[in-house]
Amino acid sequence: MSPRSPSVNEELRRRSRERLLQATVELVGERGYEATTLADIADRAGSARGLVSYYFPGKRQLLQSAVHRLMHRTLEAALEREPRTTDGDELLARAIDAILGLARDHPVLMRTHMAGILQAEGFVRCPEQQRLAELLRDTVVRHGSSDVDTDYPLLRALLMGAVFAVLLPGAPMPASALRAELFQRYGLAWELGVPPGDEPPGGTHARAEDQTTQATRSTPRSKQSTQSK
């Protein structure tokens with residue numbers, strides 16, 4: 001049997017790492033951090049116990065990478081969902097709703113993640129965190145930021161603070177109130193993104209009537225008056 005090519009080996013390693021990250025998300029979400037062992041994670045992933053230590057220095061680092069992967073994939077899906085859009089307001093609204101939605105859908109996992117960040121190890125920089133950062137930074141650019149190096153860290157801090165507030169034991173804040181605060185700060189219409197309750201998701205101004213309305217709003221008043229004469 002001929003040896004596997006380097007590209008095949010690299011793909012196998014990538015898949016193995018991905019399985020470990022997914023298993024971590026599942027198990028910590030089901031059992032909590034303390035009740036989940038590295039052996040449990042390896043078993044769920046169908047991997048050898050030694051592979052966990054090969055890819056990650058410890059359980060805390062593994063968890064942060066796993067959560068960053070979940071956040072990255074969730075945010076990416078929200079930004080690229082149909083109907084696709086290039087509208088900066090809609091993209092930022094989707095990003096805010098995606099991150100707040102993680103606190104709602106994965107409370108145990110996200111609470112554990114936030115607690116880990118506040119510990120001595122701090123923020124783990126990993127490929128998953130870098131992908132998440134790239135998506136958020138690009139969203140800030142598309143929203144029209146003139147100072148991305150300032151606006152991106154601020155958005156990241158505001159989102160982390162909102163998630164923490166939603167998950168605060170004993171005194172959680174309603175996600176809808178935090179959403180309203182963020183939307184007001186960035187000048188976003190409430191109906192954009194995925195509004196809470198039964199309201200339909202925001203549009204991307206693709207409908208003909210929306211385009212007509214936008215064109216009317218963008219026409220100077222003097223020109224509108226001339227056209228109406």
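The values are calculated or read from the model by the stated rules, or taken from the named source; none is laboratory data. Quick caveat: nothing in here was measured; it's all calculated off a predicted structure. Don't worry about glycine lacking a Cβ; one is built from the backbone with ideal geometry, like all the others, and counts go over all protein chains shown. For the accessible areas, the whole protein counts, side chains as well, though only heavy atoms, and no ligand, DNA or RNA atoms are used. Shrake-Rupley method; radii C 1.70, N 1.55, O 1.52, S 1.80 Å.
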**Fill in**
E121 meets each of (1) at pLDDT below 95; (2) in a helix (DSSP H, G or I) with one exception, condition (2)
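Do we have A208 as modelled with pLDDT under 95 and open to solvent by 60 Å² or more (accessible area, probe 1.4 Å) here?
On the way: modelled with pLDDT under 95: yes; open to solvent by 60 Å² or more (accessible area, probe 1.4 Å): yes.
Yes: the conditions hold for A208.
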**Message:** Can you find, within region 63-91, the residue that is least open to solvent (accessible area, probe 1.4 Å) among those that are among the charged types (D, E, K, R), in contact (Cβ under 8 Å) with a residue 40 or more places away in the chain and under 28 Å from A45 (Cβ atoms)?
**Reply:** R69
**Request:** Out of G193, G187, report the one residue that is surrounded by fewer than 16 Cβ atoms within 10 Å (Cβ to Cβ), in a loop (DSSP other than H, G, I, E, B) and at pLDDT 95 or above.
**Result:** G187
**Message:** Condition first: outside any helix (DSSP H, G or I) and either open to solvent by less than 60 Å² (accessible area, probe 1.4 Å) or in contact (Cβ under 8 Å) with a residue 40 or more places away in the chain (or both). Now tell me which residues in region 22-36 satisfy that.
**Reply:** G32, Y33, A35, T36
**Message:** Of everything in region 102-130, what is surrounded by fewer than 18 Cβ atoms within 10 Å (Cβ to Cβ), over 17 Å from G32 (Cα atoms) and within 15 Å of the chain's Cα centre (by Cα)? Give them in sequence order.
**Reply:** P127, Q130
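With respect to R94, is the statement that it is closer than 21 Å to L135 by Cβ and either open to solvent by 60 Å² or more (accessible area, probe 1.4 Å) or modelled with pLDDT under 95 (or both) true?
On the way: closer than 21 Å to L135 by Cβ: yes; either open to solvent by 60 Å² or more (accessible area, probe 1.4 Å) or modelled with pLDDT under 95 (or both): no.
No; evaluated as a whole, the condition is false for this residue.
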**Count of residues meeting criterion [at pLDDT below 95 and β-branched (V, I, T)] in region 38-65** = 1
**Complete:** Taking region 148-176 and keeping only residues that are open to solvent by 60 Å² or more (accessible area, probe 1.4 Å) and of a type in the set (S, T, N, Q), one is left with T150
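Could you pull out the residue among G88, G101, G32 that is farther than 17 Å from P127 by Cα and touching a His at 6+ places or on another chain (Cβ under 7 Å)? Walk me through it before giving the result.
Details: G101 fails: touching a His at 6+ places or on another chain (Cβ under 7 Å); G32 fails: touching a His at 6+ places or on another chain (Cβ under 7 Å).
Sole residue among the options that is farther than 17 Å from P127 by Cα and touching a His at 6+ places or on another chain (Cβ under 7 Å): G88.
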**Asked** Since V8 meets every condition but one in (1) open to solvent by less than 70 Å² (accessible area, probe 1.4 Å); (2) closer than 28 Å to A95 by Cβ; (3) at pLDDT below 95; (4) not hydroxyl-bearing (S, T, Y), which condition does it not meet?
**Response** (2)
**Prompt:** So S145 clears everything in (1) surrounded by 15 or more Cβ atoms within 10 Å (Cβ to Cβ); (2) among the polar types (S, T, N, Q); (3) in a helix (DSSP H, G or I) except one condition, right? Which one?
**Reply:** (3)
